[in-house]
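The values are calculated or read from the model by the stated rules, or taken from the named source; none is laboratory data. Computed from a prediction, not measured in an experiment: that's the story for all the values here. Neighbour counts run over all protein chains shown; Cβ positions are idealised from the backbone, glycine included.
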């Protein structure tokens, strides 16, 4: 099995339990409302077009589609995609496809927002990935990243994410996400949102 195949197999194995953490499945109404407010405060108004790269089981894809956005989810794990499609069955304005977020085969200059939650840290070449993501943006579009440097020892610091964004020709701003309302519990590690726009 090649490296990509191994990564897909790893995430396929995670799919069945992926929604169990409070911030993954957003099954708690209060946590779901907190994430919805964050998204509405960060994204342009609906019906802006959003691509959710590395969408997993489609939790944010669904959240945004229900808020009136046109959302395309993309994930390279067939098991994640199957769960996302089941979650989004009958919901208008949303699609989910199999594809690699590192090299999204999507039309250039077609999205108002490129959204990625807990995906950039796993990229083998995050600067190249960010450059490809920014090429998907329409004029005045933005890349929205939810990332962290977690107590498990993996992830990206906010400073590192800003540096990666700047290396990809983006101007980035950080918003800490340390409120327990996002996670269903107090946290002691670094979690944040970055909004990045083309510097040109």
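For residue 173, the conditions (1) closer than 15 Å to residue 37 by Cα; (2) more than 16 Å from the chain's Cα centre (by Cα); (3) in a strand (DSSP E or B) all hold with the exception of (1). Taking the conditions (1) at pLDDT 95 or above; (2) more than 15 Å from the chain's Cα centre (by Cα); (3) loosely packed, with under 15 Cβ neighbours inside 10 Å; (4) under 25 Å from residue 132 (Cα atoms) in turn, residue 2 satisfies each one other than (1). Do you know which of the residues in segment 110-132 that are part of a helix (DSSP H, G or I) and in contact with a strand residue (DSSP E or B) (Cβ under 8 Å, 6 or more places away or on another chain) is surrounded by the fewest Cβ atoms within 10 Å (Cβ to Cβ)? Result: 121.
Would you check if there is a residue in segment 142-152 being farther than 24 Å from residue 11 by Cα and in contact with a strand residue (DSSP E or B) (Cβ under 6 Å, 6 or more places away or on another chain)? Yes - at least one qualifying residue is present in segment 142-152. Taking each residue of segment 102-116 that is at positive phi and looking for partners that are at pLDDT 95 or above and outside any loop (DSSP other than H, G, I, E, B) with beta-carbon atoms closer than 8 Å, six or more apart or interchain, yields 109/137; 109/138; 109/139.
Of the residues that sit in segment 153-167 and are without any contact (Cβ under 8 Å) to a residue 24 or more places away in the chain and not in a loop (DSSP other than H, G, I, E, B), which one is farthest from residue 132 (Cα to Cα)? Result: 159. Taking the criterion of being free of Cβ contacts under 8 Å to residues at least 60 places away in the same chain, surrounded by fewer than 24 Cβ atoms within 10 Å (Cβ to Cβ), touching a helix residue (DSSP H, G or I) at 6+ places or on another chain (Cβ under 7 Å) and not in a helix (DSSP H, G or I), the residues of segment 59-91 that qualify are 67, 88, 91. Inside segment 22-44, residues that are in a loop (DSSP other than H, G, I, E, B) and either in contact (Cβ under 8 Å) with a residue 24 or more places away in the chain or within 17 Å of residue 114 (Cβ to Cβ) (or both) make up a count of 4. Is it true that some residue in segment 95-109 is buried (at least 19 other Cβ atoms within 10 Å of the Cβ), assigned to a strand (DSSP E or B) and touching a strand residue (DSSP E or B) at 6+ places or on another chain (Cβ under 7 Å)? Yes: segment 95-109 contains one or more residues that are buried (at least 19 other Cβ atoms within 10 Å of the Cβ), assigned to a strand (DSSP E or B) and touching a strand residue (DSSP E or B) at 6+ places or on another chain (Cβ under 7 Å).
If you go through segment 25-48 and keep only what is closer than 20 Å to residue 97 by Cα and crowded, with 18+ Cβ neighbours inside 10 Å, you end up with just 48.
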